[in-house]
Structure formats: C-alpha cells, structure tokens
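Q: Quick one: structure below, then a few questions.
The values are calculated or read from the model by the stated rules, or taken from the named source; none is laboratory data. Small disclaimer: the values here were computed from a predicted structure and weren't measured. A quick note on method: Cβ atoms are made from the backbone with ideal geometry, for glycine too, and the neighbour counts reach across all protein chains shown.
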Amino acid sequence: METIDVVVKLLIAVLIGGIIGAEREYHNKSAGLRTLMLICIGSTLFTIFSMEIGEHTSPDRIASNIVTGIGFVGAGVIFMGGTGINGVTTAATIWVTAALGVGVGAGHQYAALTGCIVLVGILYTFTKIETWIDRINRVHTYKITCPYRENVFEHFEEMMKQHKLSFKRGAQCRDKQTVTGIWEAEGHKNEHDEFIHKMLNDVTIERFEF
C-alpha cells in the first residue's frame, strides 16, 4: 500500500473519530473526543496491517479481532448509576466508530464518511426525540415513610390518581410507629413535578425519596 494512501486513510479516520467524539464530548459522555479518535485510528491501522501482513494468507486475521477487542472498551463505559444502567449508547457508539475505522482501513472511505454522518444524525436527532418522550411519559420510583395510620397507603395512591399518575405498589414495611411504601409511578413530567411538590410540603411525611 502506498504511503500516501495510508496517510489519507489515517486523516479520514481522525476526521470521523473527531466528529463523533465531539458530539459525545459536548454531551459530557465518558468516551469523548480523544477516545473515539484513538478508537477510529486504531481500527484503521489494525485493518491496514491485517491486509498487509496477511495479504497472501489471511488478510482478515487481525482485523476480525477488532470486533471482539472493542467489546472490552465498550464494557468499560457501561456502569450502574442512581438512575439505572448508563453508558449503553456510548458503548454502542464506540462499537460503530470501530466499524467505521475498519471501513476506512479497507478502502471504503466514502461509506465510512456516510456512516459517520448517519451516526451523528441519529445521536443528535433521537436525543431530542427521547427528551420529548421522557417529558410526556416519565417513570419515577417513590419511597414514602410516615407515621402509621389507617389506609395511609391508599391516601398517597389517591394523591397519585389526582395527579393523573398510573402506579404500581411495591414493597411495604412497618417499623414500630412508622410505615414505608414504595411505588413505581408513570406519567407526564409536569404531573410528577406537582406530585413531588405536594409530597415535599406534606408535614406528615418523615422521609420522601424520589
């Protein structure tokens, strides 16, 4: 392979990794600009070396292991947070970026650039759509602790109904003179906000987690 071809491919890999990485960096994700540039360059180099070293035997021998190897990098950005499992989208982005790097290394620069544009478009557009969906249908887990009294759980459930929240009651427990209940409620963001405001100002509640 000519030196100029290698240089051009590496520059394209830098461009692709930089575009995708800038989008992730803008949203403060764990894998940002430098990480995705390195992943794209690395995938491109592995593919080039694989084609050169195994030209007469098995040109895909090294490149085929990129798919396996990149899985470890992707797994490193997935973690359990207070709101559930986070980093899955970034892990998938790493996976696709590696695929684009392989495409560049194999000589499919135009396809890789097109894939880069499509990927960034998906990340940008669907973030807006997900935000909109989250506003109209949000799920919250509420944990309420208060003094025991007759039908206390039904009282809070009636409050949820008044705020147009659909809910499912979870675990309940009583500790001497207090009771604790957990609910998983679903509804519009505004309805959740109003319910949370109501609970925060309820003097009978000893502890409220949301």
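Q: Filter the stretch 95-143 down to the residues that are of a type in the set (Gly, Ala, Ser) and under 20 Å from the mean Cα position of the chain (by Cα) and list them by number.
A: Result: Ala98, Ala99, Gly115, Gly121.
Quick grid of which residues meet (1) in contact (Cβ under 8 Å) with a residue 24 or more places away in the chain; (2) touching an Asp or Glu at 6+ places or on another chain (Cβ under 9 Å); (3) assigned by TED's automatic domain parsing to the domain that holds Leu200:
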site: Lys143; (1), (2), (3): yes, yes, yes
site: Cys146; (1), (2), (3): yes, yes, yes
site: Arg149; (1), (2), (3): no, no, yes
site: Gln162; (1), (2), (3): no, no, yes
site: Lys168; (1), (2), (3): no, yes, yes
site: Lys176; (1), (2), (3): no, no, yes
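Q: Name, by its number, the condition in (1) over 30 Å from His140 (Cα atoms); (2) modelled with pLDDT of 85 or more that does not hold for Asn65.
A: Result: Asn65 fails condition (2) only.
Q: Oh, and also: Scan the stretch 160-210 for residues that are within 23 Å of Ile133 (Cβ to Cβ), part of a strand (DSSP E or B) and of a type outside the set (Lys, Arg) and jot them down.
A: Hits for the stretch 160-210 are Ser166, Phe167, Trp183, Glu184, Ala185, Glu186, Gly187.
Q: Could you look through the stretch 1-60, keep only residues that are closer than 15 Å to Val102 by Cβ and polar (S, T, N, Q), and pick out the one that is modelled with the lowest pLDDT?
A: Ser50
Q: Select, from Asn201, Asn190, the only residue that is surrounded by fewer than 13 Cβ atoms within 10 Å (Cβ to Cβ) and free of Cβ contacts under 8 Å to residues at least 60 places away in the same chain.
A: The conditions single out Asn201.
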